[in-house]
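The values are calculated or read from the model by the stated rules, or taken from the named source; none is laboratory data. Worth saying up front: this structure is predicted, and the values here are computed from it rather than measured. Cβ placement follows ideal geometry from the backbone for every residue including glycine, while neighbour counts extend to all protein chains displayed.
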Amino acid sequence: MQKGEALHYKVQPTDNIKSGDLVAVENVVGVAVTDGKPGELLGVSVEGVYAVPVPAAAGQINQGDRVYYNKAAKEITRTEAGNVFVGFAWDAGAPGSVVPVKLKS
C-alpha cells in the first residue's frame, strides 16, 4: 500500500508531459513530478498546493474558487460542466498569471 500522495501514470501515445504539467487520469487530476514521453511511466502528485497558469478563457480566479480541468484544452477553468474537479484556489490569480491550487483528489 501507499500513502496516496502520488500515482503512477503511463504517458499516452500523443502526449509529452513536462514536470509541473497538470495530468488528468480519468477523474483524478494531479501534477507531473517529472517529464514523460509516450509510453513512459511517471509520478503524478495528487496532494499539495501547486502554481497553475491561468488562461485567458478562465478569467479572474478568486481565492476559494473551485477549479476544474478542461481535458481538451489542457488548462484550468472555473466551469464545472464537462470538466474534472482539480481543487480550490488557495489565492487569487488573473489571466496570464499563476494561481496556487490546492489539489483535491
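Checked against (1) modelled with pLDDT of 95 or more; (2) in the same structural domain as residue 99 (by TED's automatic domain parsing), residue 40 meets all criteria but (2).
Taking the criterion of being out of contact with any Gly (no Cβ under 8 Å at 6 or more places or on another chain), free of Cβ contacts under 8 Å to residues at least 24 places away in the same chain and either β-branched (Val, Ile, Thr) or not in a strand (DSSP E or B) (or both), the residues of the range 58-95 that qualify are 72, 73, 77, 79, 80, 81, 82, 83.
Can you find even one residue in the range 19-37 that is in contact with a helix residue (DSSP H, G or I) (Cβ under 9 Å, 6 or more places away or on another chain), surrounded by 15 or more Cβ atoms within 10 Å (Cβ to Cβ) and aliphatic (A, V, I, L, M)?
Kept after step one, since they are in contact with a helix residue (DSSP H, G or I) (Cβ under 9 Å, 6 or more places away or on another chain), are these residues of the range 19-37: none.
No.
Of the set (1) modelled with pLDDT of 95 or more; (2) of a type outside the set (Val, Ile, Thr); (3) farther than 20 Å from residue 104 by Cβ, all apply to residue 15 but (1).
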